[in-house]
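Here's the structure, in structure tokens; my notes come after.
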Amino acid sequence: MGLRSATSTLPAREGRVGVLPSQRLRALIAEDVIAAEPALGQGQVQPASVDLRLGSFAVRVRASFLAGRGRTVEERLPDFEMHRFDLAPGAVLEKGCVYLVPLMERLALPPELDGAANAKSSTGRLDLLTRTICDGGVEFDRIPPGYQGPLWAEICPRSFSVLVRPGMRLNQLRLREGEARLSDGDLRALHARVPLVQGAEGVIDDGLGFSVDLAGSGRVGWRAKPHAGVIDLDRLGHYAPRAFWEEIHAEEGRIILDPGAFYILMSREAVTIPPNHAAEMAPYLAMVGEFRVHYAGFFDPGFGHGDHGAGSRGVLEVRCHEAPFALEHGQVVGRLLYERMTAVPDALYGAGIASNYQGQGLKLSKHFAEP
């Protein structure tokens, strides 16, 4: 399928800036602004993003890299390539290694649109670091306005080796027109109209801050085992959690994070994303501790939204860095950055689109059976 010029006729604008909803994404697909071979399927379009599919081969590289201004990923590959292999029969991406995989999707964005990519929820919960890069790129997961060209996924399995095949969807792309992010003042006004947080106060300071739930005497989280087996990403509800994870229990509302370890924890707050907004999880300020909370950062319109506004808790993917760190119940660990949508999507998260994590508790990725 060929790419049309970025000057092709686009759907009428809704009159304001924001993240593009599902109906406009489908229109852009019809115009080949978002194009692919084979063609994109309806199941790839989410309320505020498009799922991206792995291509036919992978390249093992010796280091992560960005193309840099004026250069393509393809021309930089000889500096880093170790070997390449076919994904068609299924191939194992080894823990601790870095791979580049071309994506089936290409872009021909008009000048007013830019993009942001992120790992899908199940990808992040496997500690499968997946980032999108493009020709001329100087940042991971950011697509500049008017970009025309291919996309690549950089994949680094951190805790588990994984079996992948062409067509698998590990990351997703949002498109924006203009500055979509809400200021703290806008966020406070939105919270006054539609409560965004249930179960705790929430702190609005450069986004909506949220904290970790380490209360109670039962299981408060999971820690990835260091020497587990391979996970076939096509197998859903298949693996026994305790073959890959060990339970974490708090002592007096506290756990000690081990350097290099990966944890699945849960937010104390239940959050709501109204239908006319989207959100992205961002790591909290590094000065609060030696850990990172951010792998799969997109929250779709409708997440935690319902007739009673109950909200859904956020699952936190946490990696500790340089030193052991004492994490306390109620400690602020991350923030949600809310963005406007240009229109309400024609299908919301959880509303008939087989969303896996609506109303979630302390939930592992969809590849694992219930514990």
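The values are calculated or read from the model by the stated rules, or taken from the named source; none is laboratory data. Note that the structure is a prediction, hence the values are computed from the model and not measured. So basically every Cβ, Gly included, is an ideal-geometry build from the backbone, and we count neighbours across all protein chains shown. Just the protein is used for accessible areas: all its heavy atoms, side chains included, with ligands, DNA and RNA removed. Shrake-Rupley method; radii C 1.70, N 1.55, O 1.52, S 1.80 Å.
Solvent-accessible area assigned to carbon and sulfur over the chain amounts to 50 percent, based on a 1.4 Å probe. Heavy atoms of the protein chains alone define the surface here; on that basis region 184-340 has 43 Å² accessible area per residue at 1.4 Å probe size. Between the amide H of L170 and those of L52, L54, distances stay under 5 Å, these residues lying 5 or more places away or on another chain, with hydrogens modeled in the peptide plane. Sorted largest first by accessible area at a 1.4 angstrom probe radius, with every protein chain in place, the residues V230, V162 fall in the order V230, V162. Only Lys, Arg, Asp and Glu carry charge here, each on its Cβ (+1 for the first two, -1 for the last two); on that basis the chain has a dipole of about 480 debye about its Cα centre.
For region 184-340, the Cβ-based charge dipole about the Cα centre amounts to some 260 debye (Lys, Arg positive; Asp, Glu negative; other atoms uncharged). Close amide H partners of E105, meaning residues 5 or more places away or on another chain with modelled amide H under 5 Å apart, are R53.
Amide H contacts of G209: V203, I204, L336, each under 5 Å away and 5 or more positions distant or on a separate chain (H built 1.01 Å from N in the peptide plane; Pro and chain starts excluded).
Derived scalar couplings between HN and Hα for region 96-101 equal x, 9, 10, 10, 10, 10 Hz in order, rounded to whole Hz, by the Karplus curve 6.51 cos²θ - 1.76 cosθ + 1.60 (θ = phi - 60°), x for Gly and Pro. Within the shell defined by Cβ-Cβ distances under 12 Å, the residues around D213 carry a net charge of +1, with Lys and Arg each +1 and Asp and Glu each -1.
This model, with +1 at the C-beta of Lys and Arg and -1 at the C-beta of Asp and Glu, gives region 18-177 a dipole about its Cα centre of some 480 debye. Of H305, H329, A192, which is farthest towards the positive pole of region 184-340's charge dipole, taken about the Cα centre with +1 and -1 on the beta-carbons of Lys, Arg and Asp, Glu respectively? Towards the positive end, the residue furthest out is H305. Restricting to the chain, compute how many DSSP beta bridges are antiparallel as a %, nearest 5. So the antiparallel bridges in the chain amount to around 95 percent.
Using +1 at the Cβ of each Lys and Arg and -1 at the Cβ of each Asp and Glu in region 126-208, identify which of S161, G136, L208 lies farthest towards the dipole's positive end. My answer, from the dipole projection, is S161. Within region 30-174, all pairs of alpha-carbon atoms sorted by distance into 5 Å bins from zero give the percentages 2, 10, 20, 25, 22, 14, 6, 1, 0. Looking at (1) 235; (2) 166; (3) 140, which value of volume of the Cα convex hull per residue in Å³ comes from a calculation on the structure shown? Only one listed value fits the structure, namely (3).
Bridgeable lysines around K95 (alpha carbons under 22 Å apart, same-chain partners fewer than 8 residues away excluded): K120, K225, K366. A protection proxy built from the mean count of other Cβ atoms within 10 Å ranks the segments 135-143, 203-211, most packed first, as 203-211, 135-143. For region 184-340, the convex hull spanned by the alpha carbon atoms encloses 130 Å³ per residue. Entry comment: accessible area of region 18-177 is 33 Å² per residue, from protein heavy atoms only and a probe of 1.4 Å.
Would you look at the GNM of the chain, springs on alpha carbons closer than 10 Å, and say which of G314, G90, G124 moves the most? Among G314, G90, G124, the largest mean-square fluctuation in the Gaussian network model of the chain belongs to G90.
Averaging the Cα positions of each part gives two centres, and for region 47-62 and region 239-261 these lie 30 Å apart.
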